[in-house]
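Step one of this worksheet: look at the structure below.
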Amino acid sequence: MKILELDVDRIGFELIKPEAKAYEESSEKKFSIEDAMALFVSIESGDDEAVADKAIADLKKHMAQLKRSKVVLYPFAHLSGNLEEPKRAMQLFDYMFENVSKEFETVKAPFGWNKKLEISVKGHPLAERSRTFSSAAQAEPKLQKKAKPIDTSIVRKSDVSGLPETDHRTIGERLDIFSQQEVSPGMIYWHANGYVIYRQLLVLIREKLDEYNYEELSLPALANIALWKVSGHLDHYNKNMFMLDSDGEQLGIKPMNCPSTILVYKSRKWSYRDLPWRTAVNDKLYRNEISGSLTGMFRVRELTMDDGHVFCREDQVENEIKIALKMIQEVLEIIGMDYIVRLSTMPEDHLGDEKLWEQATENLKAALKSNKIKYEIKEGEGAFYGPKIEFELIDAMKRRWQGATIQLDYQLPLRFGIEYTGEDGKAHTPVLIHRAILGTLERFIGALIEHYQGKFPTWLAPVQVKVVSISEQSNAYAANIFNELKKGKIRAKLDDSDRTLDYKIREAQMQKVPYIVIVGKKEEDAGTIAVRARSGGQKFGVKISDFVEKIQNETAMRVKSPN
């Protein structure tokens, strides 16, 4: 049995039509529940009541840990390729419902239906868990077979047919931004257009790092499991880590950057005068998510986090949080997305002295107040090692996305035994601030694609200008204009094909290019260009030098409104 367990602010679903021969009748067609634990369950071949009991016992522990009282059981066939036959699966699902509902307010999503799902997941570290349960017979190891040669006929892109036109996967394929391949589940193949967006966001982040005196590091992807044991990941996060054995040494592929960053801190001696030390890492991370939970760019196994860690003295904490808040606000102002700010406080399952938690929470409140930021309190939703500030982004369609976070951590510095020499000559423990501005770049870009619907602002657009010639006689002049744009560091493409002008313009419009430059004999004779904006406005007799300057300014100023 495979389960994706989500602690949700809200979950709603609407029954559309039965999708299996065996399905449950239901008098109600719409459901909506708030503050619940949602279990997406795949019942596998060989599962029995004993397996279900294991899953229920694990759920009870987690419910007590998070103080939840409501459960939604949701049949979800997509977590496994080894499903039980529907009639038996329905029986086991009923068995789980009967037993769970004895202790919790429980809703069961009807079995065998095609459903329209809406869900908002909470932001704390235990809000998303993947679980696997099996019987002793199912758990018996099988003899490994020699790997077969790859059949190139099955190496293909993931299918996006049937997805809405507004979905980032549909737009991503149409605009040649990215693809996902079946041989690399949960990983993004960045096409040239998409990698422009990826790089431009990193350029923005790195400008902020320079402005606020961060030092960027790059850290190994592999580390002996001893590191992950000290950090607590081996105990609290091991099911989401990729592990491997190399010559008898057990290694873990990093799911987070903080433990390795702390090792860099430990590599030298520190004085109170050296702090704060602001660090950033933009490396790839790897998390072993259940295959059925992978969703386009929103839930992946390979991810890039614009990660930051600040080591500081206690008296510097409030100011460092203010700086992180300022960085986040400045970036979100450029991006043009609204947001809600939440402060998540100490969960029941936490590390450390409660007095330190109170102190950390007050520090976060003080920083929010001094920055005049309105916020909501999320009681008990902090990380197990510290409270945190969360930015929930709101896109053009009023949907919400997990965004920036700031976490105040007194626990990892103690676990790793890091120190600095204070003004009194004694050893002191620094405070660690974790912060991410964009968060996961893959998730953020997926949200941006849907927010802009592919109409990226000029500074972020993969192709900023498309140059098209009216006829073959104008191709040489079009090439000269294209070269002038390239000299001005503008991302341009040239279409001097023998297709009709209407076709060329329509194709550029389909690619959501911000500006189309049109040239013919009239423009060549006058030494000018005609410019057509994505919004539909058109200007004639434009000097190429003026147009280059316009695009350069829009890029440099990062004008946020798509034209």
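The values are calculated or read from the model by the stated rules, or taken from the named source; none is laboratory data. All values reported here derive from a predicted model rather than from experimental measurement. Please note: Cβ atoms are built from the backbone with ideal geometry, for glycine as well, and neighbour counts cover all protein chains shown.
Some points to look at:
- Residues located in region 13-40, provided they are among the small types (G, A, S) and either surrounded by fewer than 17 Cβ atoms within 10 Å (Cβ to Cβ) or modelled with pLDDT under 80 (or both): A20, A22, S26, S27, S32
- Unique match (being farther than 27 Å from E173 by Cβ, not hydroxyl-bearing (S, T, Y) and not assigned by TED's automatic domain parsing to the domain that holds A192) among K512, K487, K504, K493: K487
- Qualifying residue in region 15-35 (condition: out of contact with any Gly (no Cβ under 9 Å at 6 or more places or on another chain), in the same structural domain as K115 (by TED's automatic domain parsing) and within 22 Å of I290 (Cβ to Cβ)): no
- Number of the condition not met by G380 [criteria: (1) assigned to a loop (DSSP other than H, G, I, E, B); (2) modelled with pLDDT of 85 or more; (3) not aromatic (F, W, Y)]: (2)
- Candidate set from region 278-315 (those that are farther than 23 Å from L408 by Cα and hydroxyl-bearing (S, T, Y)); member that is modelled with the highest pLDDT: Y286
- Of all residues making up region 255-277, the number that are closer than 17 Å to L414 by Cβ and of a type in the set (F, W, Y): 2
- Tally, over region 52-88, of residues that are crowded, with 20+ Cβ neighbours inside 10 Å and free of Cβ contacts under 8 Å to residues at least 24 places away in the same chain: 0
- Picking from residues in region 271-296 that are over 20 Å from G439 (Cβ atoms) and touching an Asp or Glu at 6+ places or on another chain (Cβ under 7 Å), the one that is surrounded by the most Cβ atoms within 10 Å (Cβ to Cβ) is P276.
- Filter pass, T555 being hydroxyl-bearing (S, T, Y) and farther than 24 Å from I171 by Cβ: no
- Segments classed as helices (runs of 4 or more DSSP H), wholly inside region 472-537, with at least 3 members that are closer than 26 Å to Q453 by Cβ: 501-510
- Identity of the residue in region 105-131, more than 24 Å from G439 (Cα to Cα) and surrounded by fewer than 16 Cβ atoms within 10 Å (Cβ to Cβ), that ends up modelled with the lowest pLDDT: N114
- Residues in region 297-323 that are of a type outside the set (A, V, I, L, M), surrounded by 23 or more Cβ atoms within 10 Å (Cβ to Cβ) and assigned to a helix (DSSP H, G or I): 1 in all.
- Residue within region 32-51 that is more than 27 Å from the chain's Cα centre (by Cα) and free of Cβ contacts under 8 Å to residues at least 24 places away in the same chain present: no
- Residues located in region 331-364, provided they are in contact with a strand residue (DSSP E or B) (Cβ under 9 Å, 6 or more places away or on another chain), over 17 Å from L432 (Cα atoms) and assigned to a helix (DSSP H, G or I): V331, L332, I335
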